[in-house]
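The values are calculated or read from the model by the stated rules, or taken from the named source; none is laboratory data. Remember, it's a predicted structure, so these values are computed and weren't measured experimentally. Virtual Cβ from ideal backbone geometry, glycine too; neighbours counted across all protein chains shown.
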Amino acid sequence: MIFDWHFAWSILPQLLRAAQVTFAITVASFAVAMVGGLPLLALRMSKVEIVSRATTWIVDFIRGTPLLVQVFFIYYVAPSYGLRLGPWETGIVALGLHYSCYMSETYRSALFAVRQGQWDAARALGLSPLATFHKVIWPQMWPVLVPIGGSYLVYMFKDTPVLAAITVRELLQVSAQIGADNFRYLEPITLVGVLFLAMSLLVSYFTRVIERKVAIR
């Protein structure tokens, strides 16, 4: 089969609209993961052993099971227990929850990367634990958080095709439909690969820019 440039240009607008869906779901899920990772970190570092152990088990369980299984559970099983979410909401919750567990580990690594002397110095200056974390520790965590968080964002872009299984019309779902309608898969699948690569490279570029700014600060 020879690549048909005319057909590729004709389907490009449809794929670009689908790419907007992929981008929106990824960004929303990443925001959920960034926020969700913090309470998971706090619970895991709790001085109450049962809370710490339970949180550790939950994080390990979610990280150790496939994302697709979690998507199916939320979309098909959770309604039996009163939680009904649409395809978009399921995708955002599943991706956000899955990667919030990874982000909690990233936060923990960044936190331990800050020397204990920083806590001691802030305490000697009379800062409260909350003020110490906000004004002293948190800014020093960013050089560790930015590159790893950027990598997770790229991974999330590449995981969105999983949501095609629950009828989310993201990039891969639309390309498969175009291929089935026209009996041509070379052009749509090739364009999907190019669009995913472009989005990943764009995220990687901005991650490096932010990483340099954080390092300079």
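So is SER46 over 30 Å from PHE206 (Cα atoms) and either at pLDDT 85 or above or not basic (Lys, Arg) (or both) or not? Talk me through it step by step, then tell me what you get.
Values: over 30 Å from PHE206 (Cα atoms): yes; either at pLDDT 85 or above or not basic (Lys, Arg) (or both): yes.
It is true that SER46 is over 30 Å from PHE206 (Cα atoms) and either at pLDDT 85 or above or not basic (Lys, Arg) (or both).
Run down SER52, SER29 and say which single residue is in contact with a helix residue (DSSP H, G or I) (Cβ under 8 Å, 6 or more places away or on another chain) and over 14 Å from ASP159 (Cα atoms).
Values: SER29 fails: over 14 Å from ASP159 (Cα atoms).
Of the residues listed, the single one that is in contact with a helix residue (DSSP H, G or I) (Cβ under 8 Å, 6 or more places away or on another chain) and over 14 Å from ASP159 (Cα atoms) is SER52.
Name the helices (runs of 4 or more DSSP H) wholly inside the stretch 83-169 in which the number of residues that are out of contact with any Leu (no Cβ under 7 Å at 6 or more places or on another chain), at pLDDT below 85 and not polar (S, T, N, Q) is 3 or more. It would help to see each step written out before you state the result.
Details: elements: 87-113, 116-124, 129-132, 138-159.
The qualifying helices (runs of 4 or more DSSP H) are 116-124, 129-132, 138-159.
Could you count how many residues in the stretch 64-90 are touching a residue at least 40 places away in the same chain (Cβ under 8 Å) and of a type outside the set (Ser, Thr, Tyr)?
6
How many residues, within the stretch 1-38, are surrounded by fewer than 16 Cβ atoms within 10 Å (Cβ to Cβ), touching a Leu at 6+ places or on another chain (Cβ under 9 Å) and more than 20 Å from GLY179 (Cβ to Cβ)?
Adding up the residues that qualify gives 1.
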